[in-house]
Amino acid sequence: MPSVAPGGVGRRPSPAGRRSSSAGRRSSSDGRGRGARSAGTRPIIPHATRVLAVSDSPRPVPIVVLVSGSGTLLQALIDASVDPGYGVRISAVGVDRDGTAGQERAERSGIPTFVVRPRDHRDRAAWDEALAAEIARHEPRFVVSAGFMRILGPRALAGPTVINTHPALLPSFPGAHGVRDALAHGVAVTGTTCHVVDAGVDTGPIITQRAVVVEDDDTEESLHERIKVQEREMLVDVVGRMARHGHRIDGRRVRLGG
């Protein structure tokens with residue numbers, strides 16, 4: 001039976017909290033990868049039906065954002081969430097190492113942060129367990145991977161829905177070099193995809209996509225910059241719609257608005 005949870009919009013409270021760190025023994029595997037991908041290469045099919053629906057609650061929907069780098073996607077979400085009508089409160093930002101620009105963006109905005117470093121854990125399973133526990137502690141309605149360069153494990157994926165963006169039109173050009181691979185293949189159009197994270201590498205159900213035309217003189221850098229513009233706008237739109245109207249996952253289909 002599908003699960004139903006309320007959503008809503010309202011004023012964003014002023015979040016405050018301290019950064020927490022998850023500690024343990026050194027890891028023999030750090031689980032590095034592009035975006036919030038999970039271990040393995042095959043998707044889970046069929047996906048369990050999951051429903052999050054809107055209600056009359058005046059409170060904004062809490063989310064957790066995972067970041068590894070500069071945090072430009074995070075900043076777009078921070079900026080959008082200032083508007084009470086957006087319906088989102090970033091309850092915490094999780095990072096995989098100290099001192100990232102994304103972490104600093106969160107702290108400047110008064111958003112609690114937590115650090116779960118793979119090297120502090122004996123293996124990937126222990127790191128996955130620690131990450132899942134930190135996410136759960138903040139009780140998000142869903143989780144956003146905003147340039148989180150780690151492969152998610154089964155415990156993290158067993159919690160709230162995780163969404164990710166990828167700089168190509170999936171299922172074409174998955175993996176760490178989507179922009180480079182699209183250029184090398186000579187495509188006339190590429191773009192960006194927002195998708196649900198599953199047990200594969202960029203294989204989860206697609207939420208939405210935006211196309212970007214490849215120019216004759218494009219380099220990997222110039223093309224990626226244009227893709228990033230669309231990626232930020234797309235993610236802000238999807239996160240807001242998921243928060244305000246809920247979402248439903250039926251197999252390979254994702255419907256916003258329940």
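The values are calculated or read from the model by the stated rules, or taken from the named source; none is laboratory data. Note that the structure is predicted; figures quoted are calculated from it, not measured. Backbone-built Cβ (ideal geometry, glycine too); neighbour counts: all protein chains shown.
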Subset of segment 212-227 [in a strand (DSSP E or B) and exposed (fewer than 13 other Cβ atoms within 10 Å of the Cβ)]
213
Scanning segment 188-201 residue by residue, those modelled with pLDDT of 95 or more, buried (at least 16 other Cβ atoms within 10 Å of the Cβ) and part of a loop (DSSP other than H, G, I, E, B) turn out to be 197
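Which of the helices (runs of 4 or more DSSP H) contained wholly in segment 55-138 include at least 1 residues that are surrounded by fewer than 22 Cβ atoms within 10 Å (Cβ to Cβ) and within 16 Å of the chain's Cα centre (by Cα)? Working first, answer last.
Numbers: elements: 72-81, 101-108, 124-137.
In segment 55-138, the matching helices (runs of 4 or more DSSP H) lie at 72-81, 124-137.
Hey, any hits in segment 249-256 for a residue that's free of Cβ contacts under 8 Å to residues at least 60 places away in the same chain, farther than 18 Å from residue 161 by Cα and surrounded by fewer than 18 Cβ atoms within 10 Å (Cβ to Cβ)? Outline the logic, then answer.
Let us first name the residues in segment 249-256 that are free of Cβ contacts under 8 Å to residues at least 60 places away in the same chain, namely 253-256.
Applying the additional criterion that residues be farther than 18 Å from residue 161 by Cα yields none.
No.
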In segment 145-155, which residue that is touching a residue at least 40 places away in the same chain (Cβ under 8 Å) and outside any strand (DSSP E or B) is nearest to the chain's Cα centre (by Cα)?
146
Note on residue 168: of the conditions (1) outside any loop (DSSP other than H, G, I, E, B); (2) closer than 25 Å to residue 233 by Cα; (3) of a type outside the set (Phe, Trp, Tyr); (4) in contact with a helix residue (DSSP H, G or I) (Cβ under 8 Å, 6 or more places away or on another chain), unmet is (1)
How many residues does segment 213-245 contain that are aliphatic (A, V, I, L, M), farther than 25 Å from residue 86 by Cβ and free of Cβ contacts under 8 Å to residues at least 40 places away in the same chain?
2
More than 24 Å from residue 176 (Cβ to Cβ), assigned to a helix (DSSP H, G or I) and of a type outside the set (Val, Ile, Thr), is that true of residue 232?
no
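Any residue at all in segment 173-180 that is in a loop (DSSP other than H, G, I, E, B), assigned by the TED database to the domain that holds residue 230 and either touching a Lys or Arg at 6+ places or on another chain (Cβ under 6 Å) or crowded, with 24+ Cβ neighbours inside 10 Å (or both)? Give the steps one after another, and end with the answer.
Applying the first criterion (in a loop (DSSP other than H, G, I, E, B)) to segment 173-180 yields 173-177.
Then drop every residue that is not assigned by the TED database to the domain that holds residue 230, which leaves 173-177.
Within this subset, residues satisfying the condition of being either touching a Lys or Arg at 6+ places or on another chain (Cβ under 6 Å) or crowded, with 24+ Cβ neighbours inside 10 Å (or both) are 176.
Scanning segment 173-180, I find at least one residue that is in a loop (DSSP other than H, G, I, E, B), assigned by the TED database to the domain that holds residue 230 and either touching a Lys or Arg at 6+ places or on another chain (Cβ under 6 Å) or crowded, with 24+ Cβ neighbours inside 10 Å (or both), so the answer is yes.
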When residue 201 is evaluated against the numbered criteria (1) within 22 Å of residue 233 (Cβ to Cβ); (2) in contact (Cβ under 8 Å) with a residue 40 or more places away in the chain, which criterion, by number, is the only one it fails?
(1)
